[in-house]
Amino acid sequence: MENRQLEELGQQLRVDAVRAADAAQSGHPTSSMSAADLGAVLLAHHLRYDFDRPDHPGNDRLILSKGHASPLLYALYRAAGVIDDDELLTFRQDGSPLEGHPTPRLPWVDVATGSLGQGLPIGVGMALAGQRLDRLPYRVWVLCGDSEMAEGSIWEAAEHAAYERLDRLTLIVDVNRLGQRGPTREGWDLDAYARRLGAFGWHTIEIDGHDVAAIDAAYQEATAAQDRPTAVIARTHKGRGVAEVDDQEGFHGRPLPHPERAIEELGGVRSIRVDVARPPDPVLTTTAHAAGEIAAPRYRVGGETATRDAFGAALAALGSVRGDVVAVDGEVGDSTRTAAFAKAHPDRYFECYIAEQQLVAAAVGMRARGYLPFAATFAAFLTRAHDFIRMAAVSEAGIQLCGSHAGVAIGQDGPSQMGLEDIAMMRTVHGSTVLYPCDANQTARLVQHMAQLPGIGYLRTSRGAMPVLYGPDEDFPVGGCRVLRSSAADRVTVIGAGVTVHEALKAADLLAAESIWIRVIDLYSVKPVDAETLQEAADATDCLVTVEDHRPEGGIGDAVAEAFADGRPQPRLVRLAVRTMPASATPGQQLHHAGIDAESIAAAVRLLVGEVVVA
């Protein structure tokens, strides 16, 4: 297209943004209008994408990080001819795939956006996949707003992209000066953004974001850059082209007050179509899935092994038969034991250093490119990345997470290192699976099951060695549990997971010496929970005691209680959990101080049995 035609296309995109928001009576047209010229030049001259084959391995990737500007994205799709005018005007309506913020309900959207600061970190993951896994020349284009440049996750991504020399990654910063409630921190100071990105090692280009020739030249310069990513920093006007809203405060997130007049001012409705360049069919070099049975590690019953050790060995074994499995870690691979995978499969191991938001975002980006990532760090540190995990569920990105060093059982390191909220966090994620093994063979089998999960999976592992209870050939289906002690004389059911399973078994031995019999359940699948087995236990004993190395809110106790939320009679339910603020102590002391060790469990059962007898 000639420059004049590009300008006309930009105006069409603005008009369509105005129309879509007017039809919905909501949305962000002014944020779309500022970036219209940036989008027009990208679509017409630089994006390589086969819209008939969104899964084409050679397609460029386009991430609209400023997801509230979705009218612009949908206007681009109309210009590309993949949605029509009628569908454009279903924006934000019930049942329409043109949602307020983009999601993969549309086949050309790789990841959900709208929680600001996530587009660039996910783009880094996609670019890493292209550079180190696919080994294909597709480019990753990320369009973000100036307001989200305040997010710390942007700078985690900026540092990582420069470190990895991701020269096929281009960040387009729409510097329109105005945020939601007023001016941004830097306003139109393009150099402020350029200095910071340049300090990280980026190639930066500052332009007028409404000069289509300058935009075109900047994109060409970006594609020619080598050994470092490029940021195109564009000065734009929010609401560009309509005098009533152009660079005016107070119009964020609302349709234009006089849409018909605005459309006329922009030159009216147009129907320009862009024949988007398609990528060449690449020669694929991705490692194929190997055939054969997984040679999972095997552990002797009666021995002792930490579940984190079993996780690392099982993940390495899984990677030997599945070439799509990758591991991502946050500089604690020697502790999480992903180091075993790194040693076995160094080409598929990614070190994200101590940047947990980037850790999860990289996993999401790689998942969007067809890989199966296992991302690991301490359970406590995953809480930093909760928003990325939440949005991964919106993206339908089935990433697998491992949180190690769970609970007070880690011992002397103290509370800053203890994952005590992670089960609650992960249980609330839509479509998630939460697994908490108590021994090595169980861990190894659950890692295999995680590779088949449709959504986000979470495996909670422990630091210290624990007795091996189960044989290496036993299976542990997701949604199940194990009854480890049971008799017709059981008075109480004790339900644990992970380290507390072993404490419950010790308590059962203590109580048996007093002729008090308890049922012991290993609730290795915390979500989904085995409601049937729990209900049978409640029918048999009338009283359940949950014991968890976790805070009482949202953890195993709540998971068990929900199994009785269907209107059936509620059993007596007692919850033993970490209610204090721990300090440094040995693992055994920690469990005792928290009231979740064998002696505490036995004491609780004695009290309950005594209350039942008196009644």
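Given the criteria surrounded by fewer than 16 Cβ atoms within 10 Å (Cβ to Cβ), β-branched (Val, Ile, Thr) and touching a residue at least 40 places away in the same chain (Cβ under 8 Å), does residue 546 qualify? First the steps, then the outcome.
On the way: surrounded by fewer than 16 Cβ atoms within 10 Å (Cβ to Cβ): no; β-branched (Val, Ile, Thr): yes; touching a residue at least 40 places away in the same chain (Cβ under 8 Å): yes.
Spelling it out, it is not the case that residue 546 is surrounded by fewer than 16 Cβ atoms within 10 Å (Cβ to Cβ), β-branched (Val, Ile, Thr) and touching a residue at least 40 places away in the same chain (Cβ under 8 Å).
Please determine, by comparing only the residues of region 463-475 that are assigned to a loop (DSSP other than H, G, I, E, B) and in contact with an Asp or Glu (Cβ under 8 Å, 6 or more places away or on another chain), which one is farthest from residue 320 (Cα to Cα).
The residue in question is 469.
In this structure, does residue 397 turn out to be surrounded by 24 or more Cβ atoms within 10 Å (Cβ to Cβ) and small (Gly, Ala, Ser)?
Criteria met by residue 397.
Conditions tested, residue by residue: (1) in contact with a His (Cβ under 8 Å, 6 or more places away or on another chain); (2) of a type in the set (A, V, I, L, M); (3) closer than 27 Å to residue 341 by Cβ.
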{"position": "223", "(1), (2), (3)": "yes, no, no"}
{"position": "230", "(1), (2), (3)": "yes, no, no"}
{"position": "245", "(1), (2), (3)": "no, yes, no"}
{"position": "250", "(1), (2), (3)": "no, no, no"}
{"position": "258", "(1), (2), (3)": "no, no, no"}
{"position": "268", "(1), (2), (3)": "no, no, no"}
{"position": "273", "(1), (2), (3)": "no, no, no"}
{"position": "298", "(1), (2), (3)": "no, no, yes"}
{"position": "307", "(1), (2), (3)": "no, no, yes"}
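Being of a type in the set (A, V, I, L, M, F, W, C), surrounded by 19 or more Cβ atoms within 10 Å (Cβ to Cβ) and either touching a strand residue (DSSP E or B) at 6+ places or on another chain (Cβ under 9 Å) or not assigned by TED's automatic domain parsing to the domain that holds residue 422 (or both) is true for just one of 483, 468, 478. Which residue is that?
468
Given the residues 310, 295, 277, 317, which is the only one that is modelled with pLDDT of 95 or more, outside the structural domain of residue 61 (by TED's automatic domain parsing) and in contact with a Ser or Thr (Cβ under 8 Å, 6 or more places away or on another chain)?
Sole residue among the options that is modelled with pLDDT of 95 or more, outside the structural domain of residue 61 (by TED's automatic domain parsing) and in contact with a Ser or Thr (Cβ under 8 Å, 6 or more places away or on another chain): 310.
Hey, residue 495 hits all of (1) under 15 Å from residue 596 (Cβ atoms); (2) assigned to a helix (DSSP H, G or I) but one; which does it fall short on?
Answer for residue 495: the failing condition is (2).
Listed residues 301, 242, 269; which is part of a loop (DSSP other than H, G, I, E, B) and crowded, with 17+ Cβ neighbours inside 10 Å?
Values: 301 fails: crowded, with 17+ Cβ neighbours inside 10 Å; 269 fails: crowded, with 17+ Cβ neighbours inside 10 Å.
It is 242.
Out of the residues in region 12-48 meeting the condition of being over 30 Å from residue 280 (Cβ atoms) and not in a helix (DSSP H, G or I), tell me which one is farthest from the chain's Cα centre (by Cα).
25
Find all pairs meeting these conditions: Cβ atoms under 7 angstrom apart; at least six residues apart or on different chains; first residue within region 49-70 and assigned by TED's automatic domain parsing to the domain that holds residue 39; second residue β-branched (Val, Ile, Thr) and surrounded by fewer than 24 Cβ atoms within 10 Å (Cβ to Cβ).
From residues that are assigned by TED's automatic domain parsing to the domain that holds residue 39, the pairs are 49/276; 51/82; 51/276.
Out of 234, 213, 217, 262, I need the residue that is crowded, with 23+ Cβ neighbours inside 10 Å and part of a helix (DSSP H, G or I). Which one?
262
Given the condition touching a Ser or Thr at 6+ places or on another chain (Cβ under 9 Å) and not assigned by TED's automatic domain parsing to the domain that holds residue 457, answer yes or no: does some residue in region 508-516 qualify?
Scanning region 508-516, I find no residue that is touching a Ser or Thr at 6+ places or on another chain (Cβ under 9 Å) and not assigned by TED's automatic domain parsing to the domain that holds residue 457, so the answer is no.
Quick one: would you say residue 554 is part of a loop (DSSP other than H, G, I, E, B) and in contact (Cβ under 8 Å) with a residue 40 or more places away in the chain?
So residue 554 passes the test.
Looking at residue 226 and the list (1) over 27 Å from residue 159 (Cβ atoms); (2) surrounded by fewer than 17 Cβ atoms within 10 Å (Cβ to Cβ), which single condition is not satisfied?
Here residue 226 meets the rest and fails (1).
Under the condition of being at positive phi and among the charged types (D, E, K, R), which residue from region 307-363 is surrounded by the most Cβ atoms within 10 Å (Cβ to Cβ)?
Among residues in region 307-363 that are at positive phi and among the charged types (D, E, K, R), the one surrounded by the most Cβ atoms within 10 Å (Cβ to Cβ) is 337.
What number of residues within region 563-603 are more than 19 Å from residue 505 (Cβ to Cβ) and assigned to a helix (DSSP H, G or I)?
Looking only at that region, the number is 2.
The rows are residues; the columns are (1) hydrophobic (A, V, I, L, M, F, W, C); (2) part of a helix (DSSP H, G or I); (3) at pLDDT 95 or above.
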{"position": "416", "(1), (2), (3)": "no, yes, yes"}
{"position": "425", "(1), (2), (3)": "yes, yes, yes"}
{"position": "429", "(1), (2), (3)": "yes, no, yes"}
{"position": "434", "(1), (2), (3)": "yes, no, yes"}
{"position": "452", "(1), (2), (3)": "no, no, yes"}
{"position": "477", "(1), (2), (3)": "no, no, yes"}
{"position": "483", "(1), (2), (3)": "yes, no, yes"}
{"position": "507", "(1), (2), (3)": "yes, yes, yes"}
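Name the residue that is farthest from residue 501 (Cα to Cα), counting only residues in region 553-576 that are surrounded by fewer than 17 Cβ atoms within 10 Å (Cβ to Cβ) and of a type outside the set (A, V, I, L, M).
Among those that are surrounded by fewer than 17 Cβ atoms within 10 Å (Cβ to Cβ) and of a type outside the set (A, V, I, L, M), it is 567.
Does residue 260 qualify as being under 21 Å from residue 189 (Cβ atoms) and at pLDDT 95 or above?
So residue 260 fails the test.
Cβ-Cβ below 9 Å, separation at least six or inter-chain, first residue in region 477-493 and without any contact (Cβ under 8 Å) to a residue 60 or more places away in the chain and farther than 11 Å from residue 517 by Cβ, second buried (at least 17 other Cβ atoms within 10 Å of the Cβ) and of a type in the set (Phe, Trp, Tyr): which pairs?
480/524; 481/524; 482/470; 482/476; 482/524
So, in region 205-260, exactly how many residues are within 19 Å of residue 172 (Cβ to Cβ) and among the acidic types (Asp, Glu)?
Of the residues in region 205-260, 5 are within 19 Å of residue 172 (Cβ to Cβ) and among the acidic types (Asp, Glu).
So, residue 566, is that one modelled with pLDDT under 95 and at positive phi or not?
No.
Determine, yes or no, whether residue 250 is assigned to a loop (DSSP other than H, G, I, E, B), touching a residue at least 60 places away in the same chain (Cβ under 8 Å), of a type outside the set (A, V, I, L, M) and in the same structural domain as residue 133 (by TED's automatic domain parsing).
Working: assigned to a loop (DSSP other than H, G, I, E, B): yes; touching a residue at least 60 places away in the same chain (Cβ under 8 Å): no; of a type outside the set (A, V, I, L, M): yes; in the same structural domain as residue 133 (by TED's automatic domain parsing): yes.
Here the answer is no, as residue 250 does not meet what is asked.
The values are calculated or read from the model by the stated rules, or taken from the named source; none is laboratory data. Just so it is clear, the structure is predicted and the values come from calculations on it, not from any experiment. Virtual Cβ from ideal backbone geometry, glycine too; neighbours counted across all protein chains shown.
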